[in-house]
1. If residue A:155 passes every condition in (1) charged (D, E, K, R); (2) within 25 Å of residue A:374 (Cα to Cα); (3) open to solvent by 10 Å² or more (accessible area, probe 1.4 Å) but one, which one does it miss?
2. Only residues that are within 13 Å of another protein chain (Cβ to nearest Cβ) and open to solvent by less than 20 Å² (accessible area, probe 1.4 Å): list them for region B:270-280, please.
3. In this structure, does residue B:357 turn out to be more than 21 Å from residue B:326 (Cβ to Cβ) and either assigned by TED's automatic domain parsing to the domain that holds residue B:289 or not small (Gly, Ala, Ser) (or both)?
4. Among A:318, A:368, which is the only one that is open to solvent by less than 20 Å² (accessible area, probe 1.4 Å), away from chain B (no Cβ under 14 Å) and either assigned to a helix (DSSP H, G or I) or touching a Cys at 6+ places or on another chain (Cβ under 8 Å) (or both)?
5. Quick check on region B:321-340: of everything there that is within 16 Å of the chain's Cα centre (by Cα), small (Gly, Ala, Ser) and farther than 23 Å from residue A:252 by Cβ, which residue is farthest from the other protein chains (Cβ to nearest Cβ)?
6. For region A:57-83, what are the residues that are open to solvent by less than 40 Å² (accessible area, probe 1.4 Å) and not polar (S, T, N, Q)?
7. So residue A:328 clears everything in (1) open to solvent by 50 Å² or more (accessible area, probe 1.4 Å); (2) within 29 Å of residue A:189 (Cα to Cα) except one condition, right? Which one?
8. Here's a check for you: in region A:140-182, which residue that is more than 29 Å from residue A:376 (Cβ to Cβ) and more than 14 Å from every other protein chain (Cβ to nearest Cβ) is nearest to the chain's Cα centre (by Cα)?
Number of protein chains: 2
Amino acid sequence: MATLGAQHKHKVTIVGSGNWGTTMAKLVAENVAAHTSLFEPTVQMWVYEEDVTVPKDSRHYNADSDKPQKLSQLINKVHENVKYLPNITLPSNVVANTDIVDSCKNSTILIFVLPHQFIAKACDQLVGKIMPYARAISCTKGVDVSDKGIRLLAETIGMRLNIYCGALSGANIASEIAQEKYSETTVAYDPPPIDSRNPTPKGSPASSQVDLINPSKSVPGERSARLQALPSEYPALSHENIKKLFHRPYFHVHLVSDVAGVSLGGALKNIIALAAGFVDGLGWGDNAKAAVMRVGILEMVKFGKAFFADSVRTSTFTEESCGVADVVTSCMGGRNFRCAKMAIQRGESIQDIEQKELNGQKLQGTSTAYEVNSFLKSQGMEEDFPLFTAVYSILEGKAKPEDIPQLIETKN
Amino acid sequence: MATLGAQHKHKVTIVGSGNWGTTMAKLVAENVAAHTSLFEPTVQMWVYEEDVTVPKDSRHYNADSDKPQKLSQLINKVHENVKYLPNITLPSNVVANTDIVDSCKNSTILIFVLPHQFIAKACDQLVGKIMPYARAISCTKGVDVSDKGIRLLAETIGMRLNIYCGALSGANIASEIAQEKYSETTVAYDPPPIDSRNPTPKGSPASSQVDLINPSKSVPGERSARLQALPSEYPALSHENIKKLFHRPYFHVHLVSDVAGVSLGGALKNIIALAAGFVDGLGWGDNAKAAVMRVGILEMVKFGKAFFADSVRTSTFTEESCGVADVVTSCMGGRNFRCAKMAIQRGESIQDIEQKELNGQKLQGTSTAYEVNSFLKSQGMEEDFPLFTAVYSILEGKAKPEDIPQLIETKN
């Protein structure tokens with residue numbers, strides 16, 4: 001639906017082109033084509049250029065395919081990311097672009113879908129080169145946790161680029177969504193009220209800001225003073241219009257205002273998945289697995305309330321896709337769950353399993369468990385999070401998986 | 001912990017001796033032995049007598065085993081229920097008793113663990129024969145739903161016997177608990193304040209009573225006027241002491257006051273398990289399965305709030321074992337989930353699968369889906385519960401599993 005008086009349309013860029021990034025480009029491109037009064041017709045997708053060869057089993061394999069080609073050129077020619085999302089046809093309005101600055105030029109909506117470790121560098125390349133009133137959404141899960149504090153990835157992006165950044169997270173295995181199998185997601189979007197046609201009654205604009213020394217103290221007013229309002233020539237970026245950017249018949253979107261909760265869910269679920277893998281590896285069955293999932297969800301809630309008290313809502317964890325549903329998916333067959341289960345069944349360390357089974361990739365759950373423990377220790381709060389602490393202790397060899405029931409038993 | 005001035009101890013009877021009943025007898029007997037100042041040392045277990053033969057693979061099989069024996073006598077001789085809970089040794093303080101009245105004589109705590117259809121008859125045999133101030137807990141899951149209204153099983157027991165009845169429900173596969181594998185449960189216990197040493201600050205005494213014509217209207221004061229107070233010679237049946245009756249190192253108990261929520265969770269989860277089986281049968285993967293589970297939990301909340309507004313708490317469904325954890329367990333491998341999945345994979349009706357695979361047993365999910373639909377229809381509220389209604393429509397052949405995303409899509 002066009003907003004009265006709107007003259008410009010939103011240009012959208014996907015910053016990233018891996019498995020999840022290409023999937024997001026596909027569905028966003030389908031949506032901009034369906035809402036032509038709101039969005040420019042093409043979607044830019046920033047590609048970190050590399051040479052690829054078309055696999056022999058690809059439908060795009062031919063006599064010339066054995067010589068390496070540029071990934072970006074191949075995407076724009078065959079409308080498929082043969083390396084990271086094979087066998088999925090992309091809409092022709094997805095345009096691969098290897099120049100990150102050019103891909104974001106004039107864009108008012110930047111969707112970040114990069115591996116965690118590349119986000120800071122990508123932002124640094126964009127500083128001063130983007131529309132000053134652009135808005136961003138982080139689709140990368142996770143937070144930066146250390147013994148000094150917690151920073152949401154959305155905050156990292158927002159603070160480096162001096163723009164507002166929301167978050168998208170849910171029970172979202174990319175390959176299933178690319179195949180248009182049904183799933184849901186949660187989008188948190190709660191910009192400060194300077195976008196006058198987009199009042200944000202829930203939460204304060206500063207609620208997603210965290211002082212790194214003491215993350216429970218936000219910094220009132222700081223960000224809203226710096227942000228530039230979206231000019232009135234653009235359609236408002238209301239929850240309704242943000243939903244139109246992501247929602248598909250096979251991808252149901254629920255909008256919330258709790259950026260911290262959505263971001264924490266995607267990070268902390270990996271610790272829970274390790275715990276579920278441990279008890280499942282012991283052969284304890286479905287009761288036990290459901291129990292650690294339930295206890296884990298409540299520790300997520302407690303963590304959010306303790307360190308993001310101003311913004312976090314219990315329901316983000318207990319009722320949204322980014323909370324309970326993502327925990328369920330991660331504990332049914334996710335990588336952290338499977339490796340933890342295998343470690344117990346084989347009597348090997350999870351580090352050994354990681355090396356043998358993951359082809360050089362790293363488990364997010366173990367690093368998150370260590371980072372969260374380091375932070376909780378610095379706050380003197382390890383005992384308040386017995387499941388998170390139990391997972392850390394098991395990884396450290398200081399506790400056994402068999403101890404989990406006793407370690408998480410509530411005394412009242 | 002003994003209460004000062006208490007002279008009597010609570011005698012406990014388990015009314016039922018199937019798979020779940022015998023499991024409850026085992027763990028309750030372990031607990032009465034551990035809390036000798038609160039409870040009488042033996043636990044009566046009512047056994048519906050039948051002739052059994054010891055299976056050849058049983059450790060209790062011997063030369064005499066081929067002739068049928070009375071189940072009750074066998075239980076008391078070998079301390080095992082060879083028919084319904086084989087290979088699990090019962091504590092010697094579990095006493096099987098075939099006389100339901102005698103088994104409940106002088107008992108102040110009656111734990112009902114009977115199949116749904118036998119509860120009314122068992123209660124009728126006990127009317128006027130039990131301690132007038134006895135208290136009950138229903139461990140049988142489910143509710144009686146029809147187009148006239150909803151009655152909790154705990155209400156059925158309480159009203160027939162004119163005593164207070166709470167409920168126990170959770171992610172509790174009996175065989176896993178009998179093997180002392182870790183699990184959790186939820187116990188709802190909220191008697192009226194006439195047990196003076198047991199004030200119930202949360203919820204009103206009448207909140208678990210429902211007018212069958214309009215279940216959202218409770219009947220204030222009716223029950224508390226009829227109930228007899230627990231004499232002061234007995235230890236108070238506080239949440240603390242009720243927890244001591246059920247909690248074990250391998251069976252973690254959380255006490256709540258929401259009898260309606262605990263009871264509804266155990267019934268409605270079976271509809272959700274059918275939906276999860278349908279989408280899993282389509283090969284839609286873990287995102288889709290987690291999505292219908294999440295939507296289902298929220299419909300449980302909505303159902304509870306609509307028809308038990310006075311007593312139901314959202315957290316019973318989203319945070320307790322009887323809610324989210326039981327949904328998880330039921331959707332991972334429960335009978336309703338498995339049959340629904342099989343029906344889709346084989347292209348057969350769920351009724352055919354039920355007949356072929358369940359050996360004469362009936363799926364609870366299908367009957368609950370029909371009963372709930374009949375009730376919702378009578379209230380003009382089918383559209384308010386799109387997932388429950390979708391499951392009914394699929395069972396009726398009026399919708400296809402592929403329609404689920406569209407049927408449950410929220411418009412805002």
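1. (3)
2. Matches in region B:270-280: B:272, B:273, B:275, B:276, B:278, B:279.
3. Yes: the conditions hold for residue B:357.
4. Being open to solvent by less than 20 Å² (accessible area, probe 1.4 Å), away from chain B (no Cβ under 14 Å) and either assigned to a helix (DSSP H, G or I) or touching a Cys at 6+ places or on another chain (Cβ under 8 Å) (or both) holds for just one of A:318, A:368, which is A:368.
5. This residue is B:334.
6. Listed by number, the residues that qualify are A:71, A:74, A:75, A:78, A:80, A:82.
7. Result: residue A:328 passes all but (1).
8. A:164
The values are calculated or read from the model by the stated rules, or taken from the named source; none is laboratory data. Keep in mind that this is a model prediction, so the values were computed, not measured. Here the Cβ is made from the backbone with ideal geometry for all residues, glycine too, and neighbour counts use every protein chain on show. Keep in mind that these areas ignore ligands, DNA and RNA; they rest on the heavy atoms of the full protein, side chains included. Shrake-Rupley method; radii C 1.70, N 1.55, O 1.52, S 1.80 Å.
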